[in-house]
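Trainee: Below you'll find the structure I mean.
The values are calculated or read from the model by the stated rules, or taken from the named source; none is laboratory data. All figures in this text were calculated on a predicted structure; none of them were measured in a lab. A quick note on method: Cβ atoms are made from the backbone with ideal geometry, for glycine too, and the neighbour counts reach across all protein chains shown. Keep in mind that these areas ignore ligands, DNA and RNA; they rest on the heavy atoms of the full protein, side chains included. Shrake-Rupley method; radii C 1.70, N 1.55, O 1.52, S 1.80 Å.
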Amino acid sequence: MPAEPESDGAVTGEAATGRPHRYALWTRTTARPEGGGRAAGRDASAPARQWPILVVLGGVALGLVLIAADHFRAGAVIVGAALLVGAAMRFTLPRVGMLAVRSRFTDVITYLLLGTGIVLLALMVQPDPILDVPFLEDIIRFSVR
């Protein structure tokens, strides 16, 4: 019996083997990530449909401008905070447009780790670190010196 494609172009196990199968055996298209549709309706303008990623990119751009203006710590904190805002939006909003890259869980974990790492590194940067991590001096002493 020939396999019958579904609406997304996939051939299911039931069509191929006669048994119900939850997942497609062959995928011919790419599935949109959960929440990956437009963040606003078709009647909204293009920027309004993708406002979540524009918020994150705007925060990153502001942080990079501050870094270029020789305010490294403040700019890096703003870049990290923009990623943390992206994680919060990805976690709470049902539709986030192009901010959805992978599954919701993977996106939130990725944005959280990157945002937290950037903020922590910005707070620990020399000279005059705001955050002092005692074991880092030991790691440097035993590995470099």
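Trainee: Out of the residues in segment 100-145 meeting the condition of being open to solvent by 100 Å² or more (accessible area, probe 1.4 Å) and part of a helix (DSSP H, G or I), tell me which one is nearest to ALA40 (Cα to Cα). Outline the logic, then answer.
Mentor: The first filter runs over segment 100-145 and keeps only residues open to solvent by 100 Å² or more (accessible area, probe 1.4 Å), leaving 105, 113, 121, 126, 128, 130, 132, 135, 141-142, 144-145.
In the following step, the residues that additionally are part of a helix (DSSP H, G or I) were identified as 105, 113, 121, 135, 141-142.
Values: PHE105: 22, LEU113: 28, LEU121: 35, PHE135: 47, ARG141: 53, PHE142: 54 Å.
Result: PHE105.
Trainee: Of a type in the set (Lys, Arg) and closer than 30 Å to ALA48 by Cβ: does that describe ARG90?
Mentor: Yes, satisfied.
Trainee: Follow-up question, since we're still on this one. Return yes when VAL108 is over 24 Å from HIS71 (Cβ atoms), without any contact (Cβ under 8 Å) to a residue 24 or more places away in the chain, of a type in the set (Val, Ile, Thr) and touching a helix residue (DSSP H, G or I) at 6+ places or on another chain (Cβ under 8 Å) and no when it is not.
Mentor: Working: over 24 Å from HIS71 (Cβ atoms): yes; without any contact (Cβ under 8 Å) to a residue 24 or more places away in the chain: yes; of a type in the set (Val, Ile, Thr): yes; touching a helix residue (DSSP H, G or I) at 6+ places or on another chain (Cβ under 8 Å): yes.
The answer is yes for VAL108.
Trainee: Looking for something of a type outside the set (A, V, I, L, M), farther than 26 Å from ALA82 by Cα and at pLDDT below 70 - is there at least one such residue anywhere in segment 30-40? Spell out how you get there, then give the answer.
Mentor: From segment 30-40, those of a type outside the set (A, V, I, L, M) are 30, 32-38; that's our starting set.
Add one more test, that the residue is farther than 26 Å from ALA82 by Cα, and what stays is 30.
Within this subset, residues satisfying the condition of being at pLDDT below 70 are 30.
For segment 30-40, residues of a type outside the set (A, V, I, L, M), farther than 26 Å from ALA82 by Cα and at pLDDT below 70: present.
Residue-by-condition table, conditions (1) surrounded by 14 or more Cβ atoms within 10 Å (Cβ to Cβ); (2) of a type outside the set (A, V, I, L, M); (3) assigned to a helix (DSSP H, G or I):
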site: ILE67; (1), (2), (3): yes, no, yes
site: ARG73; (1), (2), (3): yes, yes, yes
site: ILE78; (1), (2), (3): yes, no, yes
site: PHE91; (1), (2), (3): yes, yes, yes
site: ARG95; (1), (2), (3): yes, yes, no
site: MET98; (1), (2), (3): yes, no, yes
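Trainee: A further question on this structure: Go through segment 87-145 and report how many residues are farther than 16 Å from VAL56 by Cα and among the hydroxyl-bearing types (Ser, Thr, Tyr).
Mentor: 3
Trainee: Can I ask one more? Consider VAL65 carefully, then state whether it is among the β-branched types (Val, Ile, Thr) and in contact with an Asp or Glu (Cβ under 9 Å, 6 or more places away or on another chain).
Mentor: Values: among the β-branched types (Val, Ile, Thr): yes; in contact with an Asp or Glu (Cβ under 9 Å, 6 or more places away or on another chain): no.
In short, no.
Trainee: I need the full set of residues from segment 80-89 which are β-branched (Val, Ile, Thr) and either at pLDDT below 95 or exposed (fewer than 15 other Cβ atoms within 10 Å of the Cβ) (or both), in order please. Walk me through how you get there before you give the answer.
Mentor: First pass over segment 80-89, keeping only residues β-branched (Val, Ile, Thr): 85.
Within segment 80-89, none qualify.
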